[in-house]
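The values are calculated or read from the model by the stated rules, or taken from the named source; none is laboratory data. These numbers were taken from a predicted model, which means no experiment stands behind them. Cβ atoms come from the backbone with ideal geometry, glycine included; neighbour counts cover every protein chain shown.
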Amino acid sequence: MSTNLGIPSGKLSTEVEFKARPSDPIRRSPSPEGTIGEQIIPPDYAHEQHSTWAELYKRQSAILSGRVCAEYLDGRELLNFPSNRVPQLADLSRILKNATGWQVIRVEGYVPEPIFFRLLANKCFPCTDFIRHPTELEYTPAPDMFHDLMGHLPLITNSRFAGFFHAYGLAGLRVRNEEEVAMLGRIYWFTVEFGLMNPNAQKRDLRDVRETTIYGAGIVSSVGEIMHSLSDVVKKEPFNAEVLSQRPFDIHHMQDTLFEITSFDELESEFRRWASSKGLLD
């Protein structure tokens, strides 16, 4: 495994019950799981994969304006994703490293929590290189590369979000039991995956609902989730790390309650405060 992160050699990813239906490339990547950055050699993608990426990119691009946060759009522009073909992890990692010092590490599926925390603590974000099947354009049971790249990478080009993400990884290295792992998992779900932003979120009913935008990767990478999350059927509550750490969620249904941060400054500072109070950060 091509890393110097102190992670034992072997398979990084773990099997999950609900797996995406992949669309097989002509040739899989020869790079071992765990290869970092510019060393990653891409698969030889078939026309079907390029067409799937192009369709997903087109659908997402058509509805982003006015619905996602400016930081996401800035990151998306910086990464300069191709619209008509599957991008290469090495190219994106190079841009990411220049922006915030983070890199992409190639994985083949879900990464166990202890390794995931270590990767984030070392400023490496795990990305798959398979793309969903054309029959799963609207929803895929497990994250594919469109989710990883279009959902997560744009925000990691932002220094404040990247600072929060790094602190999250460091906190994960100090967990002492399964409940603390679960608390971090709940915070991750309602921020990194399904977070919203409103500059007046803490004013509750006095806030302007028209100022709510999306930053969560699970929302941004799904056209259906984008429209659902901003609708009136979803209750919006102000960000509170302690509340999030205790809030259960269901991965198999669209969320009925989401949480709004006022800014990435608040996300980072409040997470650090919460983690410090739990003995997970100094």
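General remarks:
- Under the condition of being exposed (fewer than 14 other Cβ atoms within 10 Å of the Cβ) and either within 20 Å of residue 166 (Cα to Cα) or small (Gly, Ala, Ser) (or both), the residues counted in region 60-73 number 5.
- Selection count, region 247-273, where residues are surrounded by 12 or more Cβ atoms within 10 Å (Cβ to Cβ) and in contact (Cβ under 8 Å) with a residue 40 or more places away in the chain: 15
- Contact map, region 154-183: residues that are over 24 Å from residue 104 (Cβ atoms) paired with residues that are assigned to a helix (DSSP H, G or I) and of a type in the set (A, V, I, L, M), Cβ distance under 8 Å, separation 6+ or inter-chain. Pairs shown: 175/181; 175/184.
- Any chance residue 153 is in contact with a strand residue (DSSP E or B) (Cβ under 8 Å, 6 or more places away or on another chain) and closer than 23 Å to residue 223 by Cβ: yes
- First in region 31-51 and at positive phi, second anywhere and modelled with pLDDT of 95 or more and among the β-branched types (Val, Ile, Thr), Cβ under 7 Å, 6 or more apart: 34/105; 37/104
- Answer residue from region 90-107, given it is in contact with a strand residue (DSSP E or B) (Cβ under 7 Å, 6 or more places away or on another chain) and assigned to a loop (DSSP other than H, G, I, E, B) and is modelled with the highest pLDDT among those: 102
- Residue check for residue 26: aliphatic (A, V, I, L, M) and either at pLDDT below 95 or more than 23 Å from residue 94 (Cβ to Cβ) (or both): yes
- Scanning region 235-243 turns up one or more residues that are surrounded by fewer than 21 Cβ atoms within 10 Å (Cβ to Cβ) and either assigned to a helix (DSSP H, G or I) or in contact (Cβ under 8 Å) with a residue 60 or more places away in the chain (or both).
- Checked against (1) under 20 Å from residue 185 (Cβ atoms); (2) over 18 Å from the mean Cα position of the chain (by Cα), residue 230 passes all but a single condition, namely (1).
- Only listed residue being over 27 Å from residue 73 (Cα atoms), small (Gly, Ala, Ser) and modelled with pLDDT of 95 or more, chosen from 171, 162, 167: 171
- Against the test of being hydroxyl-bearing (Ser, Thr, Tyr), surrounded by fewer than 22 Cβ atoms within 10 Å (Cβ to Cβ) and not in a helix (DSSP H, G or I), the options 188, 110 yield a single qualifying residue, 110.
- From the list 258, 267, the lone residue that is in contact with a strand residue (DSSP E or B) (Cβ under 6 Å, 6 or more places away or on another chain) and assigned to a helix (DSSP H, G or I) is 267.
- Every residue from region 116-139 that is more than 17 Å from residue 45 (Cα to Cα), modelled with pLDDT under 95 and not aromatic (Phe, Trp, Tyr): 135, 136, 137, 138
- Cβ pairs under 8 Å, 6+ apart, first in region 207-225 and under 13 Å from residue 191 (Cβ atoms), second surrounded by fewer than 18 Cβ atoms within 10 Å (Cβ to Cβ) and charged (D, E, K, R): 214/67
- Whichever residue in region 157-181 is in contact with a Lys or Arg (Cβ under 9 Å, 6 or more places away or on another chain), aliphatic (A, V, I, L, M) and part of a helix (DSSP H, G or I) and, among such residues, is nearest to residue 127 (Cα to Cα): 162
- Subset of region 88-107 [crowded, with 19+ Cβ neighbours inside 10 Å and aliphatic (A, V, I, L, M)]: 89, 90, 92, 96, 104, 105, 107
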